[in-house]
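Student: Have a look at this one.
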Amino acid sequence: MKLFAGNSNQVLAAQICKYLEIDLGKADVRRFADEEIFLELLENVRGEDCFVLQSTSYPANDHLMELLIMIDALRRASARRITAVIPYFGYARQDRKPGPRAPISAKLVANMITEAGADRVLTLDLHAAQIQGFFDIPTDNLFAVPVLGRDVKEHYDLENVMVVSPDVGGVVRARALAKRTGSMLAIVDKRRDRPGESEVMNVIGDVEGKDCILIDDIIDSGGTLCNAAEALLAKGATSVTAYITHGVLSGGAVARITSSKLKELVITNSIQPTAAVEAALNIRVVSIAELMGEAVKRTALEKSVSSLFD
Ligand code: R5P
């Protein structure tokens, strides 16, 4: 097997290679003067089981294009099988038509990855599980909950923990963490009136005196999280920490988190942390390298991936 990586997450790629005890596949991914992507595979892949690691994180369109071009290069170089390993699958928030004349971008991107020549997809905490069905090729959607749950157990007195979903849509994910940590579950009933704005309405569950653990798939502007934290503290929570799989953290999100009442934000490295994220005192990054690496290994060996979550 061989693992190649685009420019989105070279650090994670190196960690996964270390776990797999292989060298990262050699490829040259550069830009022409007009920003078109130039890509060249620098080693033979004929007949190989190839994995391409790339998150479609900022700059999302460039990283998506790198992924597509790398898959195309592998296909034309006669790789036996190509698995797109996408720790953060972007465009996932546009997974249905919320109104007339809207695109379903998640489906379009899934089509593009398939059309480029991927045989399989391995991803993590898709925004909506049904996006798996947008691919007509085998797609494994991993969950960060085992990694996050382990961290909660290491840092909190579980007797006093209350897992909280920041919105009704995230209850399944929150329930999974609550089950793993043996904690109770509360829900923030959020209503978003305009895109980019979020408004906390109500807290379902008694959070008074509790160490609240918010869990979500994405933190983008940070609005959802900061509003949820305010609502929980107003209801008497002792502390609020957030565990989020994908730290998109665009715009002024890092500053918002730093100046928020959140005790800590814990994210994974599905998206390579920026220097600002690494410098933020109340943001901590946990690695998914072992989880992704093991899933890659099991895929290569044709072993069960789902049993990783038993
Ligand atoms: C929404 O359904 C997602 O799960 C996240 O809650 C949302 O994308 C977070 O966005 P923001 O940080 O901009 O509020």
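The values are calculated or read from the model by the stated rules, or taken from the named source; none is laboratory data. Note that the structure is a prediction, hence the values are computed from the model and not measured. Cβ coordinates were reconstructed from backbone atoms using ideal geometry, including for glycine residues, and neighbour counts include every protein chain displayed. Calculation scope for accessible area: heavy atoms of the full protein, side chains included, ligands and nucleic acids excluded. Shrake-Rupley method; radii C 1.70, N 1.55, O 1.52, S 1.80 Å.
Student: Return the distance in nm (one decimal) between the two label points of a simple spin-label model at Asp23 and Val171, each offset 7 Å from Cα along Cα→Cβ.
Tutor: Reported label-point gap for Asp23 and Val171 is 5.3 nm.
Student: Say each of Phe32 and Gln130 gets a label point 7 Å from the Cα, pointing the same way as Cα to Cβ; how far apart are those two points in nm?
Tutor: Placing both labels 7 Å along Cα→Cβ, they lie 4.0 nm apart.
Student: Shifting gears a bit: How charged is the neighbourhood of Leu124? Take every other residue with its Cβ under 10 Å from the Cβ of Leu124, and add Lys/Arg as +1 and Asp/Glu as -1.
Tutor: Working: positive: none; negative: Asp125, Asp140, Asp217.
Combined, the nearby Lys, Arg, Asp and Glu give -3.
Student: Next question, about the same structure. What is the dipole size for the chain, taken about its Cα centre, with +1 at each Lys and Arg Cβ and -1 at each Asp and Glu Cβ, in debye to the nearest 20?
Tutor: Here the chain has a charge dipole of around 460 debye.
Student: Once amide H atoms are placed 1.01 Å from N in the peptide plane, what residues at a sequence separation of 5 or more from Met162, or on another chain, have their amide H within under 5 Å of its amide H?
Tutor: Asp211, Cys212, Ile213
Student: Under the 0.36 nm per residue contour assumption, what length would be gained going from the current alpha-carbon distance of Lys179 and Lys97 to full extension?
Tutor: 26.2 nm
Student: If you count only protein heavy atoms with a 1.4 Å probe, what accessible area per residue comes out for the chain, rounded to a whole Å²?
Tutor: On a per-residue basis, the chain sits at 47 Å².
Student: Using the Kyte-Doolittle scale, which helices in the chain average at least 0.0 and also have C-alpha atoms spread 18 Å or more along the helix axis, with helices defined as whole DSSP H runs? Kindly include the intermediate steps, with their values, before the conclusion.
Tutor: Values: long enough: 60-76 (24 Å, 0.32).
Flagged H segments are 60-76.
Student: Calculate, for Asp189 and Ala255, the FRET efficiency according to 1/(1 + (r/R0)^6) with r their C-beta to C-beta distance and R0 30 Å; round to the nearest 0.05.
Tutor: Calculated transfer efficiency: 0.65.
Student: Kindly provide the GluC sites (Glu not before Pro) of region 193-286 that DSSP labels as loop, not H, G, I, E or B, and whose Cβ sees at most 16 other Cβ atoms within 10 Å. Each step should come with its number before you reach the end.
Tutor: On the way: sites: Glu197, Glu199, Glu208, Glu230, Glu264, Glu278; in loops: Glu197, Glu208.
Sparse-neighbourhood loop GluC sites (Glu not before Pro): Glu197, Glu208.
Student: Residue separation times 0.36 nm, minus the C-alpha to C-alpha distance between Arg76 and Ser306: what's the value?
Tutor: On the way: separation 230, 0.36 × 230 = 82.80 nm, distance 3.09 nm.
Between Arg76 and Ser306, full extension yields an extra 79.7 nm.
Student: Given the Cα-Cα distance of Ala234 and Ala279 and 0.36 nm per residue of separation, how much length would full extension add, in nm?
Tutor: Length gained, Ala234 through Ala279: 13.3 nm.
Student: Another question about this same structure. Express the relative contact order of the chain as a whole percentage, based on alpha carbon pairs under 8 Å and six or more residues apart in sequence. Could the numbers behind the result be given before it?
Tutor: Numbers: 644 pairs, mean separation 42.5, N = 310.
That works out to 14 percent.
Student: If exposed chymotrypsin sites (Phe, Trp or Tyr not before Pro) are those in a DSSP loop with at most 16 other Cβ within 10 Å, what is the longest stretch of the chain that has none?
Tutor: Maximal segment without exposed cleavage sites: 157-310.
Student: Along the principal axes of its C-alpha atoms, what lengths does the chain span, in descending order and rounded to whole Å?
Tutor: In descending order, the Cα extents are 61, 43, 36 Å.
Student: Also: For region 145-287, with only Lys/Arg (+1) and Asp/Glu (-1) charged at the beta-carbon, what is the dipole magnitude about the Cα centre, in debye rounded to 20?
Tutor: 180
Student: Next up: If I compute solvent accessible area with a 1.4 Å probe over the protein chains, what percent of it on the chain is carbon and sulfur?
Tutor: 50
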